[in-house]
Amino acid sequence: MTPTPFRSIAGVVRALRHAVWLAGLALPLAATAQAPAQPEAASGYAAREAVEAARAMVATANPHATRAGLAMLERGGSALDAAVAAQMVLTLVEPQSSGIGGGAFLLHRDGRSNALVAWDGRETAPAAADERLFLGADGKPVQFFDAVVGGRSVGTPGVVRMLEAAHARQGRLPWATLFEPAIRLATEGFEVSPRLNTLLAAERHLKRDPAAAHYFYAPDGTPWPVGHRLRNPELADTLVQIASRGSLALHAGPIARDLVDAVQRHPANPGLLTERDLAFYAPIARAALCTPYRRWVVCGMPPPSSGAIAVAQILGIVDAAKAPALADPDRVVRADGVHAFAEAGALAFADRNRYVADPAFVAPPAGLLDPRYLARRAALVGERAMGRATAGDPDGMPRAALEEATLEQPSTSHLSIVDAAGNAVSMTTTIEDQFGSRTMVRGFLLNNQLTDFSFAATEGGAPVANRVQAGKRPRSSMAPTLVFERAGGTDAAPGRGALVMAVGSPGGSQIIGYVARTLLLTLRDGHDVQSAIAMPNLGSRNGPVELEAGRAPAGLSDALRARGHEVREIPMTSGLQGIVRQCGPTGRCTLVGGADPRREGLVLGR
């Protein structure tokens, strides 16, 4: 039975949430109807040096998380153990990006058997959801933040249950041990970082949730200053329970009831999530999507992520078009290379937007990565901009127009880990928009992942592949990637040799371009991983060519416009974390790591 108001903590929070929401209505939602280009925007740029280590390495978006992961490796843990510890710490110290209220995709390589698993911890739509979820009373799609803020956008969280399943196979340390760093930090407190402070200052919706307002802001409404020691005893208690009882502590019982209560009883935007949705959530161990690229094999997440397909298409189209390097050996960006890269991105996004969704509901065409199809797509790359690209017909069968572009937001995090036994993890984790649904429960924020679905169910009378359906996983652009030496096999089933690289990034739909350009710069063009990560971001999502504001080389915009491109210089706040295995002529191999200077990442090794 649901408790009545003021007979439980949840009841008190409901009443406070309602009062705070009403007070916040003085700020009209119409003023924030459109999603910003970069909800989790820039907070500074700090140059990084590449880090080298002999045996193991951890690269995450926050120093506390990196140290927690390395501590697990030093205690004899595996790369998977380190990933669990890092994620729990990120829930606390980088709450705007990811956490136990969200989902993740994780690629794991077993160093002993060379087995590769793509773990799908993506959120799912509630059983009661249908394609009308984001339609207003007039039958038209609601504005973005009208959908995001509150309970309606919350999908069933998947990251804890996914990590638990992966740990059962690949963990070495006890499950409870992995929570010790996060519990200690949540209890003792951590210093508010410049990035967290900057994003809190720019945030307009979080204060409407009373629990979040109390935790993140001072009594005068200003965000806690940089260096303020922020303690989160509620999260510490939640983590203690998960450490003791596993994912069941989150997916059933008091925590689950409070979570569902916050969603269903949101005062202005209630959602459909139920305790049954939580109880029956199951992660999926999928076969990784691996494609050959020159002398390597590039592996990533299959659908419902579009990341691996689009990244592989970009690499294949750029190669088939014989495109020049993105930057010369002196790191000078080349306009002709950017032109070809942007055209390849436009073609890949046209296919992504039409064909990719949850494979349990929509099967993508088998030929999207066929070299002959990519060669046909590459033939469309000329000296001048093609304009808006249209989706191809990879198997030669005409299709109804299903194309749509979902507002996928860049509030996400990535970690790359390699341990001394050769196990490797590449994991991208998210609560979707900056601070998710702006709903805080038991010390953590809930996701707004359902807004990764298309708000409209049809286009031109035909069903959209990524429309809302009960139990469906929304399409993603997350692209955790592992690269291997190529060892025989065929183009359809390439053999995998030694590990070469682990990489990934946050950034919403821009993730695809961030990862693809980093792979090109390192594998094809020979740049070290740190300099590749730090180079200016650029690309196309089948619209204007986007260049990183303030970092695009002089003259690049004019050179691209001369080729017929529309060009926009915008913030492009990637969060790339990469590890490369380098072997010298003597056969001695080391690990070299890079962290994105646009965020607060740190690489440590041993």
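The values are calculated or read from the model by the stated rules, or taken from the named source; none is laboratory data. All values derive from a computational prediction rather than experimental measurement. Counting neighbours? That spans all protein chains shown, and the Cβs are built from the backbone with ideal geometry, glycine included. For the accessible areas, the whole protein counts, side chains as well, though only heavy atoms, and no ligand, DNA or RNA atoms are used. Shrake-Rupley method; radii C 1.70, N 1.55, O 1.52, S 1.80 Å.
Which of the aspartates and glutamates could a cross-linker span from LYS472 if the Cα-Cα distance has to be under 14 Å and same-chain partners fewer than 8 positions apart are dropped?
ASP120, GLU123, ASP130, GLU131, ASP277, ASP358, ASP452
Percent of alpha carbon pairs in segment 187-326 separated by more than 27 Å?
Of the Cα pairs, 55 percent sit more than 27 Å apart.
Taking every DSSP beta bridge with both residues inside the chain, roughly what % is antiparallel (nearest 5)?
90
Which listed residue (THR390, ALA323, ALA342) has the Cα farthest towards the positive end of the charge dipole for segment 265-408, taking +1 on Lys and Arg C-beta and -1 on Asp and Glu C-beta about the Cα centre?
Checking the options against the dipole of segment 265-408, the answer is ALA323.
Which residue, ALA424, ALA479, VAL503, has the largest displacement toward the positive end of the dipole of the chain when charges sit on each Cβ (Lys, Arg +1; Asp, Glu -1)?
In the chain, that residue is ALA424.
Under a point spin-label approximation (7 Å from Cα along Cα-to-Cβ), what is the THR458-ARG132 distance to one decimal in nm?
1.5
Only four residue types carry charge here, +1 at the Cβ of Lys and Arg and -1 at the Cβ of Asp and Glu. Report the dipole size of segment 460-508 about the Cα centre in Debye, rounded to the nearest 20.
Values: 6 positive and 2 negative charges, 61 e Å.
My answer is approximately 300 debye.
At 25 °C and a viscosity of 0.890 mPa s, what translational diffusion coefficient does Stokes-Einstein give for the chain, taking Rh as the Kirkwood radius over Cα pairs? Give it in µm²/s as a whole number. Numbers along the way, then the final one.
Details: Rh = 24.0 Å.
So the translational diffusion coefficient is about 102 µm²/s.
Quick one: which residues, 5 or more positions from ALA385 or on another chain, have an amide H under 5 Å from its amide H? H modelled 1.01 Å from N in the peptide plane, none for Pro or chain starts.
Amide H neighbours of ALA385, under 5 Å, 5+ apart: GLY564, HIS565.
Taking every pair of distinct Cα atoms and averaging 1/r, then inverting, what Kirkwood hydrodynamic radius in Å comes out for segment 102-232?
After inverting the mean inverse Cα-Cα distance, the result is 18.5 Å.
Once the dipole of segment 175-251 is set up with Lys and Arg at +1 and Asp and Glu at -1 on Cβ about the Cα centre, which of THR177, THR198, ALA213 lies farthest towards its positive end?
After comparing all options, I get THR198.
Quick one: pull the percent of accessible area on the chain belonging to carbon and sulfur, 1.4 Å probe, ligands and nucleic acids left out.
That fraction is 54 percent.
Using 7 Å Cα-to-Cβ label points, what is the ARG606/ARG295 separation (nm, one decimal)?
The answer from the label model is 3.3 nm.
Please figure out what share of the DSSP beta bridges in segment 412-562 is antiparallel and state it in percent, rounded to the nearest 5.
Here the antiparallel bridges make up roughly 95 percent for segment 412-562.
5 Å is the cut-off here: which amide hydrogens, built 1.01 Å from N in the peptide plane, fall below it relative to SER306, excluding neighbours closer than 5 in sequence?
When sequence neighbours closer than 5 places are left aside, the close amide H contacts are SER476, SER477, MET478.
If you roll a 1.4 Å probe over the heavy atoms of the protein chains, what accessible area per residue do you get for the chain, in Å²?
35
Residue by residue through segment 130-144, what is 3J(HN,Hα) from phi via Karplus (6.51 cos²θ - 1.76 cosθ + 1.60, θ = phi - 60°)? Round to whole Hz and write x for glycine and proline.
For segment 130-144, the Karplus curve yields 8, 5, 8, 3, 10, 9, x, 4, 8, x, 9, x, 6, 5, 4 Hz.
Compute the length gained on full extension between ALA421 and ASP558: take 0.36 nm times their separation in residues and subtract their Cα-Cα distance, giving the result in nm to one decimal.
Gain in length upon complete extension: 44.4 nm.
Where the centre of each part is set by its Cα atoms, how far does segment 243-258 sit from segment 272-325, in angstrom?
31
Tell me, in nm to one decimal, what length is gained between ALA487 and ASP395 on full extension, where the rule is 0.36 nm per residue of separation less the Cα-Cα distance?
So the chain would gain 30.3 nm between ALA487 and ASP395.
Mean Kyte-Doolittle of at least -0.5 plus a Cα span of 27 Å or more along the axis: flag which DSSP H helices in the chain meet both, please.
Span-like helices here: 335-355.
How large are Rg and Dmax for segment 69-126 when calculated on the C-alpha trace, in angstrom?
So, for segment 69-126, Rg and Dmax equal 13.2, 40 Å respectively.
Charges only on Cβ, +1 for Lys and Arg, -1 for Asp and Glu: so what's the dipole of segment 510-606 about the Cα centre, in debye to the nearest 20?
It works out to roughly 280 debye.
Using Cα pairs under 8 angstrom and six or more residues apart, how large is the relative contact order of the chain, in percent?
Values: 1497 pairs, mean separation 146.4, N = 606.
In percent, rounded to a whole number, it is 24.
If I take all pairs of Cα atoms in segment 139-203, what percentage of them are more than 13 Å from each other?
In whole percent, the long-distance tail amounts to 79.
What is the distance, in nm, between label points placed 7 Å from the Cα along the Cα-to-Cβ direction at GLU191 and at ASP336?
5.0
Could you size up the charge dipole of the chain around its Cα centre, putting +1 on the beta carbon of Lys and Arg and -1 on that of Asp and Glu, and report it in debye to the nearest 20?
Values: 61 positive and 56 negative charges, 128 e Å.
In total the dipole reaches around 620 debye.
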